[in-house]
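Contents: one structure, followed by commentary.
The values are calculated or read from the model by the stated rules, or taken from the named source; none is laboratory data. All of these numbers come straight from a predicted model, not from anything done at the bench. Neighbour counts are summed over all protein chains in view; Cβ atoms, including those assigned to glycine, are modelled from backbone coordinates with ideal geometry. Each accessible area value is taken on the protein alone, full model and side chains, heavy atoms only, with ligands, DNA and RNA left out. Shrake-Rupley method; radii C 1.70, N 1.55, O 1.52, S 1.80 Å.
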Amino acid sequence: MYSLAGNEYIKQIVEANTQSMFRAAYSLLGDKADAEDAVQEAFLRLVEKDPVFRDDEHEKAWLLRVTINISKNMLIRIVLQLP
């Protein structure tokens with residue numbers, strides 16, 4: 001089981017997952033800045049919720065799912081022109 005133990009662990013998570021998270025967000029949003037915002041928001045949620053993961057694959061799946069959900073919500077707001 002993994003938990004957010006400190007800055008070094010967070011740095012490791014960011015380095016290992018940013019690229020795949022960005023690709024997922026960009027594929028939905030089609031805009032670099034929006035995709036970067038979605039990834040940043042996903043990492044903020046990781047720090048806020050401090051979930052416990054079984055292994056690296058569980059961690060990656062969680063981050064990708066959160067990134068995709070954030071991206072979909074952003075896309076809805078963009079299409080409906082909501083704040």
Given charges at Cβ of Lys, Arg, Asp, Glu: the chain dipole, positive-most of Asn73, Ala35, Met21: Asn73
Quote the accessible area belonging to Tyr9 in square angstrom, nearest 10, computed with a 1.4 Å probe and with ligands, DNA and RNA left uncounted. 40
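How long are the semi-axes of the equivalent ellipsoid of the chain, taking √(5λ) for every eigenvalue λ of the Cα gyration tensor, in whole Å from largest down?
Over the Cα atoms of the chain, the ellipsoid semi-axes are 24, 12, 11 Å.
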Enter the angle in degrees (range 0 to 90, nearest 10) between the Cα long axis of helix 7-29 and the first principal axis of the Cα atoms of the chain, meaning the one along which they spread out most. 30
So the angle from the long Cα axis of helix 56-80 to the longest Cα principal axis of the chain, reported in degrees to the nearest 10, equals 20
With all protein chains modelled, accessible area of Asp55 [1.4 Å, Å²]: 70
Arg45 accessible area, assembled protein chains, probe 1.4 Å, Å²: 80
Can you give me the relative contact order of segment 9-82 as a percent, contacts being Cα pairs under 8 Å and 6 or more apart? 38
Enter the angle in degrees (range 0 to 90, nearest 10) between the Cα long axis of helix 32-49 and the first principal axis of the Cα atoms of the chain, meaning the one along which they spread out most. 40
The chain: calculated mean residue ellipticity at 222 nm from DSSP helix runs of at least 4, using -39500 (n - 2.57): -27500 deg cm²/dmol
